[in-house]
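Read through the structure below, which is laid out as structure tokens, and then see the notes.
The values are calculated or read from the model by the stated rules, or taken from the named source; none is laboratory data. Keep in mind that this is a model prediction, so the values were computed, not measured. Using ideal geometry, Cβ is built from the backbone for each residue, glycine included, and neighbour counts are taken over all protein chains shown. SASA here: full protein model, heavy atoms, side chains in, ligands and nucleic acids out. Shrake-Rupley method; radii C 1.70, N 1.55, O 1.52, S 1.80 Å.
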Amino acid sequence: MKHPLTNPPPKNALVVNPSAEFAKQLLAAVPGLRAFALSLSLKSDRADDLVQETVMKAWKHHTSFEAGSNIKAWLYTILRNEFYSLLRKSKREVEDIDGIYAGRIATDGSQLSHLDMMDMKVALANLPDDQREAVILVGASGFSYEEAADICQVAVGTVKSRVSRARLRLNEILGIQESDALRQIKRGNGGKTQTAA
């Protein structure tokens, strides 16, 4: 696809250039627009960018301006809307020219997660293929038991069994002890200890 500025408009397209009067009023408003932009942004380079963007938008959308109405009010509205759009956008961005901010949030190079991941890969490799497939589909990929059963073309109960056996085997291989609270939740006690009656 060619760039829109290098392509001539289609032969049947109606191209309407702004009138000489519109262009004259637009240029006459530039000093006031710059002063307004400077009062909003407090920086001359940003003010110049705002004015330029305002003039470009006004030129592009000149057909939406009603002749005889207040062009200054229309232009100031465009500038104001552009300023607040940029302000909203900038609140989502972090200016970090020197990298100081990124340096503060970076994690230490001695992180152990890489080693944990290597241990998990080794443990997964030690599982039977059917258990590995089931636990990856349900545990890592986020599929439901029903979806995993469809993918593996087995019954839902078979997937649940494979996932359960895979989790137990992974716990053994990785040396993870199941907590008392988790065992009680699995037994249906909701984490409450049972007292003898």
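Quick notes
- Extension gain for the segment L168 to D49, taken as residue separation times 0.36 nm less the Cα-Cα distance, is 36.7 nm to one decimal.
- When nucleic acids and ligands are ignored and a 1.4 Å probe is applied, H114 ends up with an accessible area of around 120 Å².
- Per-pair calculated FRET efficiency, R0 = 35 Å: Y101 and S69 via Cβ, rounded to 0.05: 0.15
- Here the simple spin-label model places points 7 Å from the Cα toward Cβ, and for D129 and N81 these points are separated by 6.2 nm.
- Largest accessible area first, the residues F83, F36 order themselves as F36, F83 under a 1.4 Å probe with ligands, DNA and RNA left out.
- On the beta carbon distance between V94 and D119, with R0 = 45 Å, the FRET formula returns roughly 0.85.
- Net +/- balance of residues flanking L38 in space, Cβ distance below 11 Å, scoring K and R +1, D and E -1: +1
- The heavy atoms of D150 offer some 120 square angstrom of accessible surface to a 1.4 angstrom probe.
- Rounded if a/c under 1.5, otherwise prolate or oblate - the stretch 16-57, Cα gyration tensor axes: prolate
- Net lengthening on full extension, A20/H62 (0.36 nm per residue, minus Cα-Cα): 13.9 nm
- Exposure of E66 as accessible area (Å², to 10), given a probe of 1.4 Å and all protein chains: 130
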